[in-house]
Amino acid sequence: MNGHGHGNGNGTGRHTGPAISVVICAYTPDRWADILAAVASVRDHQSRPAHELLLVVDHHPALLARLREHFGGAHAGAAAPGASPPPVRIMANSGPRGLSAGRNTGIAAASGEVIAFLDDDAVAERDWLRHFAEGYADPAVMAIGGRTEPVWDSGRRPVWFPAEFDWVVGCTYRGLPPGKVRVRNVLGGNASFRRVAFDLVGGFTSGIGRDGGRRPLGGEETELCIRIGRTLPDAVLLIDDRAVIHHRVPAARERFGYFRGRAYAEGLSKALVTRSVGPRDGLAVERRYATRVLPAGVLRGLRDAALRRPGGAGRAGAIVAGAAAAAGGYVWGTVRGAAV
C-alpha cells in the first residue's frame, strides 16, 4: 500500500487516489457498542486511511451529547498534515428525521472528493477504503459499492433463511454478480460516491428510505443511482466484492415475521422509486431477480429437501412467501399512491 504518488489529499503523501470522507449515521443508543465498533473499523484499522469520519446523529440529543463526550467533543475539521488517525466529526442531522436526511447532512459537511457510507451496526475490513480508492482511478466511475456479509446474533444463519433474500437484513444477496462489475445501483450500507455526483444530481431523496418509523423501508440509494445514470449517461457504477463489511443481524431480524414485513416494505419502497423514476429503470434489475434468481432458489431448496438437507423446504417456502409479500407491497403502494 505504501506506494508513491501525489497523495490522497489528507497530507500523508503515501496513498494515491482521492480523499475519502466516511459518513456513519446513528439514531439509537441501543447500538452504542456497534457504533463504536463501526467508528474504530474506519478510524483505527484501515490500510488506506480515511480523510475524515463524520458521525451524524438522527434527532437524538442524548446520543449526540454522549458521543461528543466519548470522543472528546470531536467536531473539528479534516485531518491536518500527518494526522493519524483521521478526525471524528460529530453532528446532528440538520434535516427531517430519517436516514436520507442524515446522509445528506454528512454529504454537506464532508470535504473529501469521495464520500463513503457505512452502517452504524457494521464493521469494515482493513482494505475496504483501499479497494474503493483504486476503483476511482477511472474518472468515469461515479459510485462503488462493496460486499456486505451477515453476522448472525444467533451464531449462524437460520436454516430456513434463503441467501437470495439477504437484502432483507441489509446484506449482499445471492443473484448479484461476483467480482468487480457494473451495476444499476449500489447498496447504501456499503457504498461510496464521487462528490461531483451529488453536486450534479442532488442528495438522497427523503420519503423513500428509512425515517425512524416502524416500517423498514429502503430504496433511497436505488433512486439516487438511477438519477446519476440519467444525468450522466457515461457514468460507471460498480460493485467490488473485495470491499467487505460485516453487518450485525440482531435476533429479532432472524424471525420470519421480520422477513415477511421487510419484504412487504421493500415492495412499498419500489412503488415509491418507480413513481420517481418510472418502471423501466425502477424495476429493470428486479425483473431479472424475480424471473431467474428466485425460481432457481426455489428449485435449489426443493432439491435440498429431496436430499434431506436441513431447511431446504423452508428456504423454498420463504422465497415464495417473500416474493409474494414484496409483490403485495408494490401493488398496494402503487394503488394507494405509495402512501405508507
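The values are calculated or read from the model by the stated rules, or taken from the named source; none is laboratory data. Since the model is a prediction, treat every value here as computed from it, not as a measurement. Neighbour counts run over all protein chains shown; Cβ positions are idealised from the backbone, glycine included.
Data overview
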item	result
Residue within the range 96-105 that is among the charged types (D, E, K, R), over 17 Å from S192 (Cα atoms), touching a residue at least 40 places away in the same chain (Cβ under 8 Å) and surrounded by fewer than 20 Cβ atoms within 10 Å (Cβ to Cβ) present	yes
Qualifying residues in the range 67-83 (those that are modelled with pLDDT of 70 or more and more than 25 Å from the chain's Cα centre (by Cα)) - the one surrounded by the most Cβ atoms within 10 Å (Cβ to Cβ)	H70
Residues within the range 160-188 that are closer than 24 Å to R308 by Cα, part of a helix (DSSP H, G or I) and not aromatic (F, W, Y), tallied	3
Subset tally (residues that are in a helix (DSSP H, G or I) and touching a residue at least 12 places away in the same chain (Cβ under 8 Å)) for the range 236-287	29
Single residue of R309, R315 found to be at pLDDT 95 or above and in contact with a Pro (Cβ under 6 Å, 6 or more places away or on another chain)	R315
Tabulated pairs, the range 189-203, first without any contact (Cβ under 8 Å) to a residue 60 or more places away in the chain, second in a strand (DSSP E or B) and buried (at least 17 other Cβ atoms within 10 Å of the Cβ), C-beta under 6 angstrom, 6+ apart or interchain	A197/M142
Of all residues in the range 141-187 being in contact with a helix residue (DSSP H, G or I) (Cβ under 8 Å, 6 or more places away or on another chain) and among the acidic types (D, E), the one that is surrounded by the most Cβ atoms within 10 Å (Cβ to Cβ)	E164
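Here's the yes/no breakdown for (1) in contact with a Phe, Trp or Tyr (Cβ under 7 Å, 6 or more places away or on another chain); (2) surrounded by fewer than 17 Cβ atoms within 10 Å (Cβ to Cβ); (3) modelled with pLDDT of 95 or more:
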{"site": "V249", "(1), (2), (3)": "yes, no, yes"}
{"site": "R260", "(1), (2), (3)": "no, no, yes"}
{"site": "S276", "(1), (2), (3)": "no, no, no"}
{"site": "R280", "(1), (2), (3)": "no, yes, no"}
{"site": "E286", "(1), (2), (3)": "no, no, no"}
